Every structure is written in structure tokens, then in C-alpha cells.
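Working notes, beginning with the structure itself.
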Amino acid sequence: MPECPACHAPLETPLACGACGALIEVEGESDPFALFGLARGWELDAGELKKRLLRFGRMMHPDFYAAAGDAARELAERNTAALNEAHDVLANDFRRADWLVRALGGPTESDERQMPQAFLMDVLDWNETLDDARGAAPGSAEIRALDELGETLSSERGEAFVRIGALLTPLPDPGSDALGRLRRELNAVRYLDRALRELKSLRLQHASTR
Amino acid sequence: MGYIELNVLNNETTTVAMGIDLGTTNSLAALWQDGRPVVIKPDGKNGKIPSVVQFPGPNAIPLVGGKALEQAVVDPRNTIFSIKRLMGRGLADVQDDLAAFPFPVTENVRGLLQIDVHGKPMTPQEISSLILMRVHDLACRAMSGNEVVKAVITVPAYFDEPQRQATRDAARLAGIEVLRIINEPTAASLAYGLDRRGEGTVVVYDLGGGTFDVSVLRIEDGVFRVLATSGDTHLGGDDLDRALIDMIRGELSEQLGPDELNDPAFLQAAKLAAEKCKVELSAHPRADLHLMVPDRRVSFRRTISREDFEAAIAPLVERTLDACRLALSDAGLTNSDIDEVVMVGGSTRVPAVLKRVEEFFGRKPHTELNPDEVVALGAAVQAHVLTGGNRDILLMDVIPLSLGLETMGGAVDKLITRNSTIPCQSTEGFTTHVDNQTGIDFNVVQGERELASDCRSLGRFKLTGIPPMPAGMPKIAVRFHVDADGLLTVSAKDESSGATASIEIQPMHGLTDAEVEGMLEASFANAQADFDARRVVDLKAELETMLRVTEKHLTTAREHLDPESLTDLEDAVRSGKHAMTLNDPREIQTVRDGFERATLPLAALLMDSVAKSALAGKKLDEV
């Protein structure tokens, strides 16, 4: 475990010392797991992550440095921003998986644009259901079909993450085939999220024109 | 010299900071006093300062607040209200408001809004700064001269980056140091002390004069996290009034022509009548809607029942609930997940609003605090935290709208998504599209839409000096940093050369630093009277401290002073006390300077004794 440069106490996060309260200048550390003092991996205890965010947030939030001079305040700003950025990556299943695939040298979404084969046929059907609902009258069959589509998309999303989790546990070797498969699964999740967003906005339009 | 040394010995310097609710309709300040936030109520009134500024003439001192509001009917052309709606906006953004403004609003070449006041263009920032100065002035008086120059200012949760920046600039113009800009609903939950409830999910329903905001907050172990915000920047008490104004205009449309119905004086009078009627209807089942504009032979009187009014505003209330649904859905919650509902804003006194909100959330909302004061009180709590008074509360706020860059095809590449906790940051890699390209143009946008043209452009910048290389080779990392106030800074790094550049974005609807400086100079030159008044307050505060410290030390140091210095000092104390009754800054300054000179021997004596005790027991070569 790294130690505090000021008081040599072991550090839970490289950004600040819980023992002496020192803010620590971190240059170029972007591994969100490291910033949270967690082991790199897919499985993550959400409760523990939240507890750490709150505890670490109290160590370095700029609110507590408002009167501390420009240098300390700016460091508090930077470190809290880094902490929040790391939290956003870790707390979000998609971003956490995406980060791991990149960190292991896997393809980015511009290197690998495909979705899993089995998924493609369904996509055409779903797009059609969404197209039909656009401009359809409230209460029509097209709009009612959105409820079922929403359930299907959500459960597909859940299943995709089960596969992603399995591929990431234990972490695959850099350069292995699993990374390409992971990217294709992630592309599918991106599609599902976009479709779910659109579905939500279609439903809201109908809710507010009631 | 003497004064500085005395100050070293005086450890009682207190930092006082105020909370300011800079509202569309009214503004309000609160201070932390005796362990709790207190609204500043000058002259025993309710403390609300109407956010109205009237300009009597080209060189006359502007009126602010109640006095300005009184002029609204007489001089609508030069009485500026709802200025908050124009902060950080462009002309295209405010088309809906322009019809309701009896003063002309134009846009300069840079997209900055201006209001022509007696031939002089005034920006919304300058007009807001006049309101802030008035608020500040009252706070200074409430503290009897204690310097209050730091403040937490609240803005609607929906305010985007230019609107927040404009608010900050207005404060700068008013000579106020902004400790933090926080969201109004967040401030409200601080005011209710909901951090003490341990754990829970709170909805803050804020129907103010001109804006509606709903926020979903999660509170755990003293940490406030805004899970989601939604709202409508064009929905508030003004719109409830407008429902009644439209009623008047509808009924008078046969008697009056369109010109008269749109006449500024008529509109102002109708607004005041509608507001009065609305307030009465909150307490009584029926109220008179009465309007008279004598010189336009208009007289209108009708009794409005609460049912009439509720029917007229029902669509507006439903719109607020739509926003509540959106916020809940963004937070991934349903009505039944909500533990508490907090009501903010004068319009929540309307019984129909209260009833519908209670029905919607299935629980009785908090209304114990005055809904007009809640936000200012919460801002004062946060000001207390930021001046080191409380480490138990930690407010973690979120950015209300996504920030991104326009990509080649006109789409938006989001770097920071909405509802990210601030401060936050994000870095994105860019490269060149043609061989030997040495510069890249960027358009920074804010908003949720997929196309850059549908989002608000915050400004453009050009990154230059990229070494000539084949297309796609350079690696440019663009970094967005959003600070705890929700304000954006952009920096870029060429990873091949390691060169970094901090980017100054030309603000779209905001002021440049140079413009702010220029306005500050101009306002100092013009507002000599204001300046003098402030100077008197400052000097007296300074003199009071000097008197207190001198008298304290004089009792013990008296016998060590030479008789001449002692006489000088005693004379100085007498004239110092007399100066506390004066009002001319130059006279007080003279006394202060003389006092300072007279205290020099005492200061030297004290410094000497401090040095002696600090060095006691040490040999000369150890010093």
C-alpha cells in the first residue's frame, strides 16, 4: 500500500491522506480502481464504492479549502474532480467494462464496430417497433407495443452484462479473443441504451400531451 | 504600520459571509448569526427586495427594490424587472419574454444582450449587480459595519454555464467575492437541516417568481447528492399572474385596441393587479381583480373565485408535475421512493399547487419555513460551511446539462454528462483530418440534444501550433474541468510535443474579463456616492477595531509609555470616538490616519514585549 509523503501513514487513496489530511498531487494517474484503492476487476461492491466516495470526498472537497489559499483550493478541485471522474467510471457497468477492455489493450468502438451476430436480427425488429410508434396516436397499438419492447430491451441489457461479466471474470489476458467479443457485446449495450432512451422520450411525449 | 501591527495582535478577526438568493422577482440575503441562519430584515420589513431597478434619468442614481417597483407603472420604459431571465442569454433565447417587457432589449454584435437606458446600453450583468449591491449594502448595515464581502449566491438548478458565469460577473461588478454558486433547491434542503435526518431521498419543489425547478436529492451521513434535476425556466408566479392578465386582456379586448392592450403602462398595472388578486386568493375563497389606469380611461373590476383561478392555472401546475416525473425517472426512482418533499418559492402558497403536489407524492410537503426565505437561509448555511464554520455538512452538487464538443459531422461528443457530480473532469482524444494540418477548430456546446446546432454553443476555440504530420497522427487531448461552481475551463495538450494550452473561450452571451474590468472602472467613476457610503462603513469598522484593541492594551501598557505618547494616544482615542458619529469619508480617513500614527509607540512597545517573550531563554547566537 502506498504511503503518505507527509506523515507516512498508509494511503487508502493516492489523492489524500486520511490520517494527516494532506492533499497529494497526483500526476497522470487515471486508473479509477487505483484512485479508489480497489483491485482491478469486473466485480465491484457498490456499497463499498459509495462508502469510499463519501469518505474520500470529505478528505478533499474544495468546500473545506475555500479559505485555504489558491494552491490548496485548486488541488482540492483537481483531486475531487479526479475522484468523481473515477467514481463515474466505476459505478457505471458500461463504463467500467469499457475501461477494462481499453486497459487490457482491447479494440475501441472505432476499431470494432460490429454487434454479436445473434443480436442483429432482433435489432431490425426493434427498430421497426420504434419507427411505428413515432407519430402514432396515444393509446394506439403501436404505443402499447412500447411497453413490451421496453421489457425486452431491459432484459436483453441485463443478459448482455451477464455475458460481459463472465468474459471479464477473471480478467482476460491482453490480446486475447475475449476482448473483441467484449467490444461487440458493449456495442450491443450502446444500441440498447440508445433505443431505451428513445423509448422513454416517446412515452414522455405521450404522458405530457395527455 | 501601526495599524498593521495592532492587527497582528488582534486575533478576533471574523470572516462573515452572506447567502444571497438572487431571484427573478425578489432577492433576499441571510447571514449566519448565533448558530443559525437569519434573514436580513431591514426596517422590520420582510427582507424581500424586489429585483427591480429603475433609472430616473441619464445621470441620476438608479433606484433599486421597492422604490423602483413603485415606479413600474409611472415609468415602465426605464423600470427593469425579471432581469434574471436575460442573464447569460441571447436574443433568440428570450423571445417569449420580450412581449412581456416594456423596455427594449437588443443584442450587440457579440451576442450580448443590452437594454437601452436613457441612451446608454446596460447589460443584464450590470443591472443584476445593482440589485446585488443593494442586498450587500443591507447586509453591511445589519452587521453594523462588519465587512461582509463574501457570499454564496444561488441560481436555478437549470442554469447553464453562461448563466452561472453571468451571475458571477454580476457579483464581481457589485464588489462581492463569490464563495460558491449553488443550486436553489439544494440550498433549500440545507435550510431545512435535512442532513440531520441521516438517510433519505428528498424532492425539492421550487415554484418561484419566474422559474420552476425540481430536484431529487439523496442525503447520507451529512452528504447531499443531487441525483437529478429538472424544471422549466419559463414557469413561475409570473406565469400564474399572466393567467389572470390574459383574463383581463380577454375581457377588455372589446373596449380597447391591440395597441392599448399591449401598452407598457397597461401591462404593468395589469401585472400588479393580478399579483394582488393571486395573493388574496391563497387566503380567501374569492378576491377582487381590480385594475385602473386613469389616464387611459381603463377601469376593470371582477370577482375571481378560487375555482376560476385554479382552472386557469391547472395546465401550469400539471407542467410542473411533468417535470417531477422526468426528474424521478432520471434518478431511477418512483413517487413512493421519496421520503420528504420540500416546498420553496412564494407560488407554493397557492393552495391548488400544494394540494396537487401532496397528491402526486402521496405525502405532506414541508412548509414550516417561509417559502420565500428558504433558499437564502440555505445559502447562509453553505456560506458558514465555506468560511470554515462547519465540517459536518458536505454538499455534492451536480451539473445540470451535458457538456461536449461538436464533431466533424455536426454531432455532439459529450465529455461530461448531465447530473455528473461536480467538480468533475473528462479528457477526450482528437486528431487531424488532413495531412500537415496545424490547427483544429472546436465548438464547445452544452445541452442534451444529439446535434450541435440544437445545443447551446458556449464558444469556439482554435487549437494551433500542431507540428505538421500525416492525418490522424497527432494526439490532442482536450480536457474539460467543471469546478465546484459548475463553471467550465478547457485545456488542451498535444501529446506528441507535450505542449499544453489553456483555452480562453470567447463567451457567447457573456462578458469578457476586459469588459468586466472596464465596467468596474466606469461604475467606480459614476457611483461616487455609493463609494463614499461604503467607504464610511469600512472606515468606521476599521476604526472601531483599532479603538477596541488600543483600549484593551492601553490598560496594561499605560505605565510603559512615555507621557507624550500617552497624551497623544488619549487624544487620538477621543477624536476616534467622535469620528464614529461623522459621515464624511474624508474626515473619518484623516482621523483614522492620525490615530494610526498615535498608536505607533504602543504598537512598537507591544511588538517588543511579544518578541521578548518569544525569545526568552535563548542565547543571542541561537536567534
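The values are calculated or read from the model by the stated rules, or taken from the named source; none is laboratory data. Just so you know, these numbers come straight off a predicted model, no measurement behind them. Cβ placement follows ideal geometry from the backbone for every residue including glycine, while neighbour counts extend to all protein chains displayed. Calculation scope for accessible area: heavy atoms of the full protein, side chains included, ligands and nucleic acids excluded. Shrake-Rupley method; radii C 1.70, N 1.55, O 1.52, S 1.80 Å.
Details
- In terms of its C-alpha gyration tensor, chain B has an oblate overall shape, because the principal axis ratio a/c (a ≥ b ≥ c, square roots of the eigenvalues) is not below 1.5 and a/b does not outweigh b/c.
- On a per residue basis, chain A carries 51 Å² of accessible surface, using protein heavy atoms and a 1.4 Å probe.
- Debye, to nearest 20: dipole size of the range B:237-313, +1 on Lys, Arg Cβ, -1 on Asp, Glu Cβ: 240 debye
- Of all beta bridges that DSSP places with both ends in the protein assembly as shown, some 80 percent have antiparallel geometry.
- Complex-versus-alone comparison for the range A:55-86, residues with a loss of 40 Å² or more in accessible area, probe 1.4 Å: A:ARG58, A:HIS61, A:ASP63, A:PHE64, A:ALA66, A:GLU77, A:ALA81, A:ASN84, A:GLU85
- For the range B:238-390, averaging the sequence separation of C-alpha pairs within contact (under 8 Å, six or more residues apart) and dividing by the residue count gives a relative contact order of 16 percent.
- Extreme residue, positive dipole direction of chain B, given options B:VAL482, B:TYR158, B:LEU217 (C-beta unit charges): B:LEU217
- The aspartates and glutamates whose alpha-carbon is closer than 18 Å to the alpha-carbon of B:LYS462, local same-chain residues fewer than 8 away aside, are B:GLU406, B:ASP413, B:GLU428, B:ASP435, B:ASP441, B:ASP494, B:GLU495, B:GLU504.
- Three-way shape label, the protein assembly as shown, alpha-carbon gyration tensor, a/c 1.5: oblate
- About the Cα centre, charge dipole magnitude for the protein assembly as shown (Lys/Arg +1, Asp/Glu -1 at Cβ), debye: 1140 debye
- Sequentially through the range B:76-86, phi angles give Karplus couplings (6.51, -1.76, 1.60; θ = phi - 60°) of x, 4, 10, 10, 9, 10, 6, 5, 4, 5, 9 Hz, Gly and Pro residues having no value and appearing as x.
- Taking every alpha-carbon pair under 8 Å whose residues sit at least 6 apart, chain B reaches a relative contact order of 14 percent.
- A protection proxy built from the mean count of other Cβ atoms within 10 Å ranks the segments B:113-123, A:71-81, most packed first, as A:71-81, B:113-123.
- Entries of B:LYS48/B:LYS276; B:LYS84/B:LYS414; A:LYS51/B:LYS475; B:LYS48/B:LYS577; B:LYS41/B:LYS355 with Cα pairs more than 25 Å apart: B:LYS84/B:LYS414; A:LYS51/B:LYS475; B:LYS48/B:LYS577; B:LYS41/B:LYS355
- 3J(HN,Hα) couplings calculated from phi for the range B:539-553 with the Karplus curve 6.51 cos²θ - 1.76 cosθ + 1.60 (θ = phi - 60°) are, in sequence order, 4, 5, 4, 5, 4, 4, 4, 4, 4, 4, 5, 4, 4, 4, 7 Hz; Gly and Pro show x.
- Between B:LYS150 and B:MET18, B:GLU177, the built amide H atoms are under 5 Å apart, and every one of these is 5 or more places off in sequence or on another chain.
- Just the protein heavy atoms count here, and of the accessible area of chain B at 1.4 Å, carbon and sulfur take up 52 percent.
- Dipole-positive endmost among A:CYS7, A:VAL101, B:PRO371 within the protein assembly as shown (Cβ charges, Cα centre): B:PRO371
- Relative contact order, percent, the range B:403-515 [alpha-carbon distance under 8 Å, six or more residues apart]: 26 percent
- Sites A:ALA67 and A:LEU44, calculated FRET efficiency, Cβ-Cβ separation with R0 25 Å, nearest 0.05: 0.10
- Amide H within-cut-off set for B:THR25, under 5 Å, with H built and near neighbours excluded: B:GLY209, B:GLY210
- Taken about its Cα centre, chain B carries a charge dipole of roughly 640 debye when the Cβ of each Lys and Arg holds +1 and the Cβ of each Asp and Glu holds -1.
- Accessible surface buried by the A/B pair amounts to about 2400 Å², both sides summed, 1.4 Å probe.
- Computed [θ] at 222 nm, helices only, for chain A once each DSSP H run of length n ≥ 4 contributes -39500 (n - 2.57): -21000 deg cm²/dmol
- Converting phi to 3J(HN,Hα) with the Karplus coefficients 6.51, -1.76 and 1.60 and the offset θ = phi - 60°, the range A:80-85 yields 5, 4, 5, 5, 5, 4 Hz in sequence order, with x at every glycine or proline.
- The residue among B:GLY410, B:GLY362, B:HIS384 whose Cα reaches farthest toward the positive pole of the charge dipole of the range B:351-508, with charges on the beta-carbon of Lys, Arg, Asp and Glu, is B:GLY362.
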